[in-house]
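Every number in this text was worked out from the coordinates using simple rules, so none of it is lab data. Note that the coordinates shown come from a computational prediction; the quantities given were computed from them, not determined experimentally. For neighbour counting, all protein chains shown are included, and Cβ atoms are generated from backbone atoms with ideal geometry for every residue, glycine included.
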Amino acid sequence: MISYNCKDVGFTPYGEEWKALRKISVVELFNAKKIQSLTYIREEENDLLVKKLMESASSRPTVNLKKTLYTLVGSIVCRIEFGINLHECEFMDEDRIADLADILKLMENTNLFSDFFPGRIGRFVDWFLGQNKRLENAFSEHNTFTNNILDDHLKPERRIQESSDIIDVMIDMMSKQDEDGDSFKLTTNNVKGMISGLFIAGANTSGVTMIWAITELIRNPRVMKKVQDEIRTTLGDKKERITEQDLTKLHYFKLMVKEILRLHPAAPVLLPRETMSHVKIQGYDVPAKTQILINAYAIARDPKHWKNPDEFNPERFEDSSIDYKGLNFEFIPFGSGRRICPGIAMGIAIVELGLLNLLYFFDWGLPEKEEGDEEIITGNEVALDLVQVLRH
Ligand code: HEM
């Protein structure tokens with residue numbers, strides 16, 4: 001385990017926790033060697049997914065893809081980030097982790113009426129609509145999850161383990177700070193914030209990207225056929241399991257993933273920024289300290305930069321040098337600059353391996369539509385529950 005003191009991670013007495021925490025996560029979690037060394041976890045979890053889908057396909061033709069994929073990414077993220085194997089865990093299981101990913105989405109997406117109309121009327125409407133109760137329940141579930149992970153890391157027997165993860169490192173830092181008597185103290189809340197931030201950032205984004213990929217492929221049979229033909233011709237039809245090595249042989253498949261990230265960026269609006277000084281943008285004066293929101297979704301569908309922007313067309317990236325690493329500003333699904341997603345490589349590895357398994361081993365389609373069913377594929381929520389396994 002690497003030990004830090006406050007100076008190592010750049011803490012300042014002015015509370016720049018974010019800088020420090022980002023630095024820890026980049027060093028401990030997002031470095032290339034670490035990502036490579038965790039390949040076996042992503043592969044094992046995908047093997048389990050394929051096994052479960054094959055079993056369920058033989059008895060029941062439909063599958064709730066949303067739950068299945070959130071379980072996959074939840075399991076991978078918990079193992080990689082917190083060293084928690086959900087298949088052996090006492091306080092969390094695979095089913096609940098998928099719900100938790102949804103609970104976190106609810107926490108992010110619930111708009112309180114009282115935020116816009118502070119005062120009695122706003123509070124009454126929230127109470128009447130049950131918004132407060134929903135949020136309270138979500139927070140309570142979420143709090144239990146982070147507390148359990150923290151407690152698990154604080155168990156005395158854990159400290160003698162060989163392998164440590166980012167939470168172990170932060171706990172180690174906390175004890176060192178006490179010894180050093182530094183003025184800034186890393187708190188338990190910082191650790192809990194890291195747990196919840198990493199979980200939301202990793203699970204939700206990768207899960208939703210995969211769900212949109214299957215959705216768009218079902219909507220566009222031409223692309224589905226082309227991508228599956230490439231995969232099955234390149235890898236042959238006798239493989240028992242897929243490894244990350246197989247990804248290196250595919251070309252069109254990767255263009256397809258890029259196109260999904262363009263059309264459906266998991267974080268349509270990037271993390272907020274603040275202007276450091278007065279700037280003029282397209283004739284508008286923007287004073288210093290103004291919050292700026294960047295709409296990556298709108299940028300990636302801007303007809304000034306993209307031909308037929310709403311069309312799902314992976315070929316647009318053929319012979320193009322445009323990439324998602326934050327340098328081409330017309331395509332920033334992972335953001336750009338100082339706050340760019342530190343998990344790009346991890347996110348791409350999770351999404352590509354998951355999709356490759358789904359597309360190699362299974363054919364996907366929609367079940368028969370029954371009277372009264374909502375129009376399919378109008379948004380990921382509707383599409384997900386309807387997607388079907390047809391072959392294995
Ligand atoms: C397809 C998958 C993913 C997408 C599309 C995605 C996208 C993003 C975006 C757009 C941001 C904000 C960047 C900005 O405002 O400039 C972000 C931040 C972040 N992402 Fe990802 N991400 C993905 C996967 C992951 C994974 C797997 C992890 C962790 C294992 C992760 C960890 C983070 C963290 C910690 C931040 C916050 C960085 C900060 O506060 O400075 N992401 N991500």
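Values for this structure:
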read-out: Nonlocal amide H pairs with TRP364, under 5 Å, H built at 1.01 Å; value: none
read-out: Separation in nanometres of the label points that stand 7 Å from Cα toward Cβ, at LEU235 and THR248; value: 1.6
read-out: Of LYS19/LYS155; LYS226/LYS254; LYS33/LYS155; LYS258/LYS307; LYS226/LYS325, those spanning more than 18 Å from alpha-carbon to alpha-carbon; value: LYS19/LYS155; LYS33/LYS155; LYS226/LYS325
read-out: Two-site label geometry, ASP172 and ARG301: point separation in nm, points 7 Å out along Cα→Cβ; value: 4.6
read-out: Fewest-first ranking of SER59, SER75, using other Cβ atoms within 10 Å as the exposure measure; value: SER59, SER75
read-out: Phi to ³J(HN,Hα) by Karplus 6.51 cos²θ - 1.76 cosθ + 1.60 over the stretch 269-275, Hz, x for Gly, Pro; value: 10, 6, 4, x, 10, 9, 5
read-out: Anisotropy class of the stretch 141-294 from Cα gyration tensor, a/c 1.5 cut; value: oblate
read-out: Peptide ranges 144-155, 30-41, 273-284 listed from the most packed, as the mean C-beta count within 10 angstrom indicates; value: 144-155, 30-41, 273-284
read-out: Label-to-label distance, nm, for residues given as ALA345 and THR39 (7 Å Cα→Cβ offset); value: 1.2
read-out: Set of lysines with alpha-carbon distance to LYS52 below 22 Å, sequence-local pairs under 8 removed; value: LYS66, LYS67, LYS238, LYS239
read-out: Residues GLU318, GLU330, sorted so that the one with the fewest Cβ neighbours within 10 Å comes first; value: GLU318, GLU330
read-out: Difference of contour (0.36 nm per residue) and Cα-Cα distance, LEU135 to LYS23; value: 37.2 nm
read-out: Centre separation in Å (Cα based) which lies between the stretch 299-365 and the stretch 208-270; value: 11
read-out: Full-stretch length increase - ARG219, LEU327 - with 0.36 nm per residue and alpha-carbon distance subtracted; value: 35.8 nm
